[in-house]
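A short write-up of the structure that comes next.
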Amino acid sequence: MNMKDWLERTNKFLESNSLDVLANAGNISHEQAMEKAHVEYEHFRIVQDKKYLSDLDKEIMKITGKK
């Protein structure tokens, strides 16, 4: 397979899942995209950190019966 084949296969996959396929490269710079990704990841990380339970915490909860 070459890159053209992969592009066609990816577009078909997106279309079959009712997702839009971009017609061009868009108008957001690499720097803007990276900044957006970092901001979104920071929000995600905060939520994940709040939800995280270590294995030790899980075992303590089993022993004490607390949730």
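The values are calculated or read from the model by the stated rules, or taken from the named source; none is laboratory data. It should be emphasised that the depicted structure is a prediction, and the values quoted were computed from it without experimental measurement. We place every Cβ from the backbone using ideal geometry, glycine too, and count neighbours over all the protein chains shown. We work out accessible area using only protein heavy atoms, side chains counted, and drop any ligands, DNA or RNA first. Shrake-Rupley method; radii C 1.70, N 1.55, O 1.52, S 1.80 Å.
Solvent-free Debye calculation, one equal scatterer per alpha-carbon of the chain: log10 I(q)/I(0) at 0.14, 0.19 Å⁻¹ equals -0.75, -0.91. Using a probe of 1.4 Å on the protein chains alone, the accessible area found for I46 is around 80 Å².
At 0.36 nm per residue, minus the direct Cα-Cα distance, what do N27 and L56 gain on full extension? Give it in nm, one decimal, please.
5.7 nm
Computed with a 1.4 Å probe over protein heavy atoms only, the accessible area of S29 comes to about 50 Å². Largest first, the residues D20, D5 sort by 1.4 Å accessible area into D20, D5.
Average accessible surface for the chain: 102 Å² per residue, computed with a 1.4 Å probe over protein heavy atoms with every protein chain in place.
The dipole here belongs to the chain: it is taken about the Cα centre, uses +1 on the Cβ of Lys and Arg and -1 on the Cβ of Asp and Glu, and is about 460 debye. Counting only protein chain heavy atoms and rolling a 1.4 Å probe, the accessible areas of L56, L19, L14 rank, largest first, as L56, L19, L14. Under 22 Å between alpha carbons, and skipping anything fewer than 8 positions from K62 in its own chain: which lysines qualify? Counting by Cα, and skipping residues close in sequence, K62 has these lysines nearby: K50, K51.
Express in Å², to the nearest 10, the accessible area of T10 obtained by rolling a 1.4 Å probe over the protein heavy atoms while all chains stay in place. Here the accessible area works out near 70 Å².
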